[in-house]
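Some notes on the structure that comes next.
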Amino acid sequence: MHKLRKLSILYVLLFSLMVIPGALKAVPLPGDPVFTPELNKLQEAIANQLTAKIKLFTESYNKSGNGNITISSTFYDSRYHKLYIDFQGEVKISDSIKKLFASHNSLLSGDGYIAYDLSIGDLTNESAGAKSHVTGDLIVFIDEIVFRFSAATPGLNEAYSPAAKTLLKFLNDIDVRPLAAAMGKTLTDFSSENLENLRKEVKTRIDATGNTASEKFFFLLKQSGNLTAFFFLQFVKNLPGIIAGTVGETLGATLGTFLVPGVGTAVGGFIGSMVICEMTRTKVHKIPAEFEIVKIKKFGKMANEESLKNDWLLKKIDESRASLRELINKDLEANSYVLVDDLLDTLRKANPAEKKILAPSAADLKSLLEFQLNQKQDRYAERKLKQFSEINMNQ
């Protein structure tokens, strides 16, 4: 399996409740008459309930002893219908999952209707297995999710408030604790050998019930990839009877029905059928500096689109700018100009809007190069300053 797909599936497992797909139709802008008081209230309730479920999910996962994830902060912007979340912590992982990470850090980002940045690294070995440190942030576009769900679900016919009510009922009724348990077991126990043993165990249990749905269920599992299959098998292995009559057209629809019979089928089908779209938006970054540049551009674009000040976004921009400056400074101290060249190339290729967003980081770069030249008599810095001066930051 391609590394990007493996890492994307791992992301889906880590944040399986939060992978909500998008569609292509444009969503009304904030202030549009479609955002009635009822719809705004429902969207805020969705954000609040999603926050509560995410917290319960992490609490349940932490109690399993398989790691410790902390939700650092949450913030819902009712003006733009966005939920902002910061998280960090440690997760225990199996040797097979550890092999997915070819380098010290794996840096992932996505710009779908859940925009996210995820850093997985600092691998450590202990007697009980490997641990990985994770940090990241999420921006959940609640209005995007509601509008796309209404468009994708038969019977809703783009009726936004009923769509929001369906999503809210799903969130109200879902028990995330079994998902947290399945995720923990997947991250700590996954291997090809364990997957085959688990597959045989679950099939034996299902066949013992006389269930005729097992063939379709295992066909769907085969198409999903090994990590996803392991996750689903962990979830259902103690519930063989529940599969009867509940296997949907996709694993998402099937899992949704398991979790919340009725509305879960529609919501789960919506999520499951479009996960691939979100995965294709996932980018794996080779170096931390590239990761920080992507975040600065993404957060800066969002901040510019909002008419009022957003402290969460501004804080994120400042953090990434400081991190980028530190990375470049370390690069220069090591007499390397790799990151300098990367940033110069980024500035050359940037459009005017991106140059405006990157201007503070460009100023940092110029300051660091001037220090190299004036304080360390590094003549190569003079050459880079000349290249910098040739970039027109106003066009």
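The values are calculated or read from the model by the stated rules, or taken from the named source; none is laboratory data. The model shown is predicted, which means the values in this text are computed figures rather than measured ones. Neighbour counts are summed over all protein chains in view; Cβ atoms, including those assigned to glycine, are modelled from backbone coordinates with ideal geometry.
Just a few scattered comments:
- Check on Leu373, surrounded by 12 or more Cβ atoms within 10 Å (Cβ to Cβ), under 33 Å from the mean Cα position of the chain (by Cα) and not charged (D, E, K, R): no
- From Asp143, Asp137, residue being of a type in the set (D, E, K, R), at pLDDT 80 or above, crowded, with 19+ Cβ neighbours inside 10 Å and closer than 18 Å to Gln43 by Cα: Asp143
- Residue in the range 296-318 that is of a type in the set (Lys, Arg) and over 30 Å from Thr74 (Cβ atoms) present: no
- Within the range 57-74, restricting attention to residues that are touching a helix residue (DSSP H, G or I) at 6+ places or on another chain (Cβ under 7 Å) and in a helix (DSSP H, G or I), the residue that is surrounded by the most Cβ atoms within 10 Å (Cβ to Cβ) is Tyr61.
- Qualifying residue in the range 131-140 (condition: assigned to a helix (DSSP H, G or I) and among the β-branched types (Val, Ile, Thr)): no
- Tyr113 modelled with pLDDT under 80 and among the hydroxyl-bearing types (Ser, Thr, Tyr): yes
- Every pair of residues 6+ apart whose Cβ atoms lie under 6 Å, when the first sits in the range 337-360 and is within 16 Å of Ser389 (Cα to Cα) while the second is buried (at least 17 other Cβ atoms within 10 Å of the Cβ) and charged (D, E, K, R): Val340/Lys384; Pro360/Arg321
- The lone exception for Leu313 - which of (1) closer than 16 Å to Ala289 by Cβ; (2) crowded, with 16+ Cβ neighbours inside 10 Å it fails: (1)
- Residue in the range 334-353 that is crowded, with 16+ Cβ neighbours inside 10 Å and within 30 Å of His81 (Cβ to Cβ) present: yes
- Qualifying residue in the range 331-342 (condition: among the β-branched types (Val, Ile, Thr), over 28 Å from the mean Cα position of the chain (by Cα) and not assigned by TED's automatic domain parsing to the domain that holds Tyr84): yes
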